[in-house]
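Engineer: Would you mind keeping the following structure in view while I ask a few things?
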Amino acid sequence: MTRARWGGNLLERSKVTGEPLLATVQAHAVAAQESPETADLQTFAPPVTDADLVVGIVDRAGAQATGVGLAEAKVVISGGRGMDGPEAFAMLEELADILGGAVGCSRVVTSAGWRPHAEQVGQTGTKVAPELYLAFGISGATQHIAGCKSAKTLIAVNTDAQAPIMTHADYAVVDNLHTLLPVLIEKARAAKGA
Ligand SMILES: Cc1cc2nc3c(=O)[nH]c(=O)nc-3n(C[C@H](O)[C@H](O)[C@H](O)COP(=O)(O)OP(=O)(O)OC[C@H]3O[C@@H](n4cnc5c(N)ncnc54)[C@H](O)[C@@H]3O)c2cc1C
């Protein structure tokens, strides 16, 4: 099997022996296919009491306000430190609303408390594989790219033409996101007739 290491930056080919074999598949690595086999499903209900549980679920981070979950979204619109604070994310939400997408962000953003951790894209966040990934004010650290490199099309908007994300982008836009976003929203709204 091929195993993704270091956030997908290294692909290790390994041979696994032993019984039983247990493997996990990285999200979005392969498209789901209908199996000709049928499985014999068995219900297992272990006798667990409250006293046995040392770990409990305190919260579930589900779909966003737009109703589109980050991991499954066809369009993901992410913001980084260049957003300069939580306020500008209202523009990303507006654009996501028009395009039927979900809002994501970099770790700097979640660490600063501008957005919840559930929206973080990357090695220690959610790995996404949308048709379109829009990155505003994100430099493109390897840990962030690990979460968005499966996107079919990546558009990066950055004031710095030398930012690492520009080399990963299908379309690299050198511009100030704060002036570009209102124009993009207007154009997207007009194109959608919304
Ligand atoms: C173990 C580990 C795990 C990590 N996991 C993750 C992870 O899962 N996800 C993640 O994202 N990071 C992760 N990181 C952090 C990562 O290394 C980077 O620090 C982080 O991704 C940088 O976030 P950023 O791009 O928003 O900020 P910065 O690197 O500061 O980049 C900000 C960018 O915004 C641009 N900019 C500034 N103003 C404007 C403007 N007005 N218009 C347009 N562009 C502008 C700048 O030119 C710059 O390129 C991890 C780090 C470690 C060590």
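The values are calculated or read from the model by the stated rules, or taken from the named source; none is laboratory data. Just so you know, these numbers come straight off a predicted model, no measurement behind them. Every residue, glycine among them, receives a Cβ derived from its backbone with ideal geometry; neighbour counts consider all protein chains shown.
Engineer: Quick check, is Ala112 closer than 23 Å to Gly7 by Cα, surrounded by 10 or more Cβ atoms within 10 Å (Cβ to Cβ) and more than 17 Å from the chain's Cα centre (by Cα)?
Structural biologist: For Ala112, the condition - closer than 23 Å to Gly7 by Cα, surrounded by 10 or more Cβ atoms within 10 Å (Cβ to Cβ) and more than 17 Å from the chain's Cα centre (by Cα) - is met.
Engineer: Could you pull out the residue among Ala102, Ala39 that is of a type in the set (A, V, I, L, M) and surrounded by fewer than 13 Cβ atoms within 10 Å (Cβ to Cβ)?
Structural biologist: Ala39
Engineer: I would also like to ask the following. Checking Lys187 against (1) more than 30 Å from Val25 (Cβ to Cβ); (2) crowded, with 21+ Cβ neighbours inside 10 Å; (3) out of contact with any Ser or Thr (no Cβ under 8 Å at 6 or more places or on another chain), which single condition isn't satisfied?
Structural biologist: So Lys187 meets the others, but not (2).
Engineer: Something else now. Tell me yes or no: at least one residue of the range 130-144 is more than 18 Å from Ala172 (Cα to Cα) and more than 6 Å from the ligand (Cβ to nearest atom).
Structural biologist: no
Engineer: If you don't mind, there's one more thing I want to ask. Which of the residues belonging to the range 150-194 are closer than 18 Å to Ala129 by Cα and part of a loop (DSSP other than H, G, I, E, B)?
Structural biologist: Ser150, Ala151, Lys152, Ala169, Asp170
Engineer: So which residues in the range 85-97 are outside any helix (DSSP H, G or I) and without any contact (Cβ under 8 Å) to a residue 60 or more places away in the chain, if there are any at all?
Structural biologist: Residues satisfying the conditions are Gly85, Pro86, Glu87.
Engineer: Any chance you could count how many residues in the range 131-151 are surrounded by fewer than 17 Cβ atoms within 10 Å (Cβ to Cβ) and touching a strand residue (DSSP E or B) at 6+ places or on another chain (Cβ under 8 Å)?
Structural biologist: 1
Engineer: Of these, Gly147, Gly104, Gly82, which one is at pLDDT 95 or above and either under 12 Å from the mean Cα position of the chain (by Cα) or assigned to a loop (DSSP other than H, G, I, E, B) (or both)?
Structural biologist: Only one candidate qualifies: Gly104.
Engineer: Next question, about the same structure. Would you confirm whether any residue within the range 107-129 is within 7 Å of the ligand (Cβ to nearest atom), among the hydrophobic types (A, V, I, L, M, F, W, C) and touching a Lys or Arg at 6+ places or on another chain (Cβ under 6 Å)?
Structural biologist: Scanning the range 107-129 turns up at least one residue that is within 7 Å of the ligand (Cβ to nearest atom), among the hydrophobic types (A, V, I, L, M, F, W, C) and touching a Lys or Arg at 6+ places or on another chain (Cβ under 6 Å).
Engineer: A follow-up question, please. Any chance the range 161-176 includes a residue that's touching a helix residue (DSSP H, G or I) at 6+ places or on another chain (Cβ under 8 Å), within 8 Å of the ligand (Cβ to nearest atom) and under 19 Å from Gly85 (Cβ atoms)?
Structural biologist: Checked the range 161-176: no residue is touching a helix residue (DSSP H, G or I) at 6+ places or on another chain (Cβ under 8 Å), within 8 Å of the ligand (Cβ to nearest atom) and under 19 Å from Gly85 (Cβ atoms).
Engineer: If you go through the range 1-57 one residue at a time, how many are of a type in the set (D, E, K, R) and outside any strand (DSSP E or B)?
Structural biologist: 7
Engineer: Turning to a different aspect of this structure: Scan the range 4-26 and give yes if some residue there is surrounded by 10 or more Cβ atoms within 10 Å (Cβ to Cβ), under 30 Å from Asn176 (Cβ atoms) and among the charged types (D, E, K, R), otherwise no.
Structural biologist: no
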